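Reading through the structure tokens given below for one structure.
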Amino acid sequence: MRHLHVWSLAALVGVTGIGLALNAAQEPDLRPSGKGIGTLDHPPMPDQASTPKGQAGPPSKNTSNGINYRGGPVMTNPIKMYYIWYGNWSNNTATDILPFLANNIGGTPYFNINSTYYNGSGTKVSTNVTLAGNGLTSPLATMVSNYPFGNSLSDAQIQQVVLNAISSGVFGGATTPDPNGIYFVLTSQDVTASSGFCTSYCGWHTYTTVNNTAIKYSFVGDATRCLSACAAQSTSPNGNPGADAMASVIAHELEEAATDPQLNAWYDNRGYENADKCAWTFGTTYTTSSGVANMKLGVAPNQKDFLIQRNWVNASGGYCSLTY
Ligand SMILES: [Zn+2]
């Protein structure tokens, strides 16, 4: 657990450049791979197995803001989030808190940071985000609440959960993947991910290609399982520390999936994607009746407080921020 905080400190040191002894001109660009940086990264990709972190990635185009474009796609159409609730989520306020996040993060000054990222044609990442499918209110709830893969999921099983959900048609009847979708597998407190949840990461995002469609998906586990590793606080603005911690991780994976959906668009020379560069930093916070927060989402009087990690602005030399 402590290990994770050490890593997040290392990420901070990297951002500020303290102790950066490498000559940038001689340092090869590293691809994002593995789960080791910060607490939030990706599972190893089959097609990256031969190019582990530490080997040269494609040449970068722009180094002026501390993060470089590698030529791959970004998400330029309105972004559709899909939640797949794996395990037992009954009587858990996460099922209110996390849909609220998904339905209110789009269009905010916070998410607008992602508009500083663009593709090879100069088209910006969309800042329109909605929860297009919430497995909790569909037959999918029945499908995954009976633990079809047990309580310890491999990376392959997490991918299979996503593929099964899509092919079953539970998301609005469509049985083909949404090319503008990001599918989140949210696992309950009694479930782990065997490749390193709580020890190497708190969540990750990646993709797989089926019938020429890149299916973007993410794993985020209930941080109640390991608050000391995956939560910034043990009390929280919405009175559910595990879910409030998941909100920060979901935001992180969402913005990385938007700007680097196929792990070949935007990352820095260490393989850090935009949110990785600001992981576990929160900027200015304020105190609520039950914890610390740094942003209010929603429209008054229907608002909630959240504590969400900052993101990297790809402008003005680059910096971590809560707004753009
Ligand atoms: Zn990340």
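General remarks:
- Amide hydrogen neighbours beyond the local backbone of Tyr267, cut-off 5 Å, H modeled: Asn68, Arg70
- Karplus-derived HN-Hα couplings along region 278-283 (A = 6.51, B = -1.76, C = 1.60, θ = phi - 60°), whole Hz, x at Gly and Pro: 10, 4, 6, 10, 10, x
- Nearest-0.05 FRET efficiency for Ala214 and Ser316, computed from C-beta distance (R0 22 Å): 0.10
- Exposure proxy ranking, count of Cβ atoms within 10 Å, fewest first, for Phe282, Phe111: Phe282, Phe111
All of the numbers you see were taken from the coordinates with simple rules; none came from a lab. This is a predicted model, so every value here is computed, not measured. Positions of Cβ are generated from backbone atoms using ideal geometry, with glycine treated the same way; all protein chains shown enter the neighbour counts.
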